[in-house]
Structures are given as C-alpha cells and as structure tokens.
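Here is the structure we will look at, set down as structure tokens.
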Amino acid sequence: MAEAAVRVERRAGVVWCTLDRPPLNLLEPGLIRSLHATFETLSADATVRLAVVTGAGRAFTGGMDVRVLRDLDAAGATALISALHDAIRAVHTAPFPVIAAVNGHALGAGFELALACDLRVAAAGATLGLPEVRVGVPSVIQAALLPPLVGPGRAAELLLTGAGIGAEQALAWGLVNRVVERDGLEAAVETLVAAITACAPGAIRLQKQLIVRWRETDLPAAVRAGIAAFAASYATGEPREGTTAFLEKRPPRFTDAC
C-alpha cells in the first residue's frame, strides 16, 4: 500500500490512516510520499466507503519538519511544497468522505491536512494553527480553505500572527465539528462513521464529488454539476430503495447492486 510512515487499518469499508512518526508526526519527504501513495491507492478502490486520518503519539501532526525547511533553496522549496500539495490534494479530492481525528496538535501543514478533510473531530487540549510566518515562510496551499470556513478577519488573524487556537475556540469558529475528551475521540469518530455509512454509498460519493466541486467553481457551474449528480443517482437503484424504505417506515437496505 505505502511506506510504513502511514499505518493503514481496514475496518470493513472504513480505512483508518495513522501518521506513524510519533511523537509529533512531523512532515518530511518520506511521510509526504507515503500519505500521497496511500490516498492514491485508496481512491482507486471502489470498496472504500470512508477514510479517517489521525496521528500516532501526542500530535495529529506538528507540521513540516523545520530541519527540512532550513536548508532549502528556491528550487527545493518549489519541489517540496508541490509534493505536499499533491499529497494533501489527494486527501481533499478523495472520492469518499475523509474525517480528521485530531488527536493532538495540528499545526502548519498539519492544520492544512485537517482542513483538507471533510469533517474534523478534535481532542480537547489540541491546538490548531498556522505558525509558518514565525519561521519566515507564508502559509500556502490548503490554507486557502480557511477564509471561507471562518471568515476573512479570523483567517487573517491566524495567518498574519502565526498564533494557534485551542480546540474549543476552533469549535466556536466552525473549524472543527466536535470536541471530545481524548479518550473518547475514537468513539466520537465512529459515531460519525456510522451515520455516514448508513447512507446510500453511491449518493455519498456523488455528494463528496459535489462538495469538492462547489469549493472550486462558480455558482452556475456548481448548480449544473448538482443537477447532473442528481440525475446520475438514478442510474443506480439507491433512490428507489431509499424512497421505498422511507414510505414503508423501515431502514433502507443499500447494497452494491442498488
């Protein structure tokens, strides 16, 4: 599947991907390649319903390894940030939902990785932030997702000061969906997983595709894409099964054959 830098655990159609360079899971070329390869492989697997990204040890990821950043020239910086963009975009555009289980600090590129996920559940005590300006570089790539999430003023504060915020503040700002005690993190994520996987698999994939499309296009194009996705859902049996189950007051029985 990928290098050992990302540990992959399959739980039926749900895949848990653990950044496995504790204690801080700092991003460096090997871990970046492993993350990219993992999500490329998973994205080609039609049996994957959902993925969870988390970290080993006490951090989700503390961001880029500063030792890697220190000795770059412009060409090396371009190569590194391009590889990081490709890896995080593979997470962002995966054809299935991705949940970030933020078990500890998510900083810099680690915060951008969490932003690239569709849902975020954070452990109480985690800090999220973009401290890059404090070491001489701007926050880039998926940091561009920040202003639509929290508004331009709050985004500018995070980007221009490099200050981090706690999980509770992140919840108030809409950056995370849930905050739970660390020992309840996996259970909270599993609750979201169960809610998503109870839905029609094909419809979930179409919805994920639309979520990404809506972020990257204008309103008329987004609406056209939605109309096409609605029609495409009727190429499967999912709408008939879902609506019939609703009318019969029973749980739907979605299968691959729907």
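For the reader, a short list of remarks on this structure follows.
- Filtering segment 42-66 to residues that are charged (D, E, K, R) and without any contact (Cβ under 8 Å) to a residue 12 or more places away in the chain leaves only 45.
- Residue satisfying all of: in segment 42-78; farther than 25 Å from residue 124 by Cβ and under 16 Å from the mean Cα position of the chain (by Cα); surrounded by the most Cβ atoms within 10 Å (Cβ to Cβ) among these: 42
- Residue within segment 216-237 that is in a helix (DSSP H, G or I), closer than 26 Å to residue 18 by Cα and among the polar types (S, T, N, Q) present: no
- When 98, 121, 102 are screened for being free of Cβ contacts under 8 Å to residues at least 60 places away in the same chain and either within 12 Å of the chain's Cα centre (by Cα) or surrounded by fewer than 24 Cβ atoms within 10 Å (Cβ to Cβ) (or both), only 98 passes.
- Scanning segment 163-186 for residues that are among the aliphatic types (A, V, I, L, M) and either in contact with a strand residue (DSSP E or B) (Cβ under 7 Å, 6 or more places away or on another chain) or under 16 Å from residue 104 (Cα atoms) (or both) turns up 163, 165, 167, 170, 171, 175, 176, 179, 180, 185.
- Qualifying residue in segment 4-13 (condition: hydrophobic (A, V, I, L, M, F, W, C), within 29 Å of residue 70 (Cβ to Cβ), over 16 Å from the mean Cα position of the chain (by Cα) and surrounded by fewer than 16 Cβ atoms within 10 Å (Cβ to Cβ)): yes
- Summed over segment 135-161, residues that are surrounded by 14 or more Cβ atoms within 10 Å (Cβ to Cβ) and hydroxyl-bearing (Ser, Thr, Tyr) total 1.
- Sub-9 Å Cβ pairs linking a first residue in segment 3-15 that is at positive phi and aliphatic (A, V, I, L, M) to a second residue that is in a loop (DSSP other than H, G, I, E, B) and crowded, with 16+ Cβ neighbours inside 10 Å, at least 6 apart or interchain, are 12/49, ordered by first then second residue.
- Failed item in (1) farther than 18 Å from residue 57 by Cβ; (2) part of a helix (DSSP H, G or I); (3) of a type in the set (A, V, I, L, M, F, W, C), with residue 96 passing the rest: (2)
- Counted residues, segment 78-107 - those being farther than 30 Å from residue 213 by Cβ and hydrophobic (A, V, I, L, M, F, W, C): 0
- Restricting 54, 41 to residues that are assigned to a strand (DSSP E or B), among the polar types (S, T, N, Q) and in the same structural domain as residue 112 (by TED's automatic domain parsing) narrows the list to 54.
- Residues satisfying the stated conditions in segment 162-194, i.e. among the hydrophobic types (A, V, I, L, M, F, W, C), crowded, with 16+ Cβ neighbours inside 10 Å and not in a helix (DSSP H, G or I): 165, 175, 176, 179, 180
The values are calculated or read from the model by the stated rules, or taken from the named source; none is laboratory data. Bear in mind the structure is a predicted one, so any value in this text is a computation, not a measurement. Positions of Cβ are generated from backbone atoms using ideal geometry, with glycine treated the same way; all protein chains shown enter the neighbour counts.
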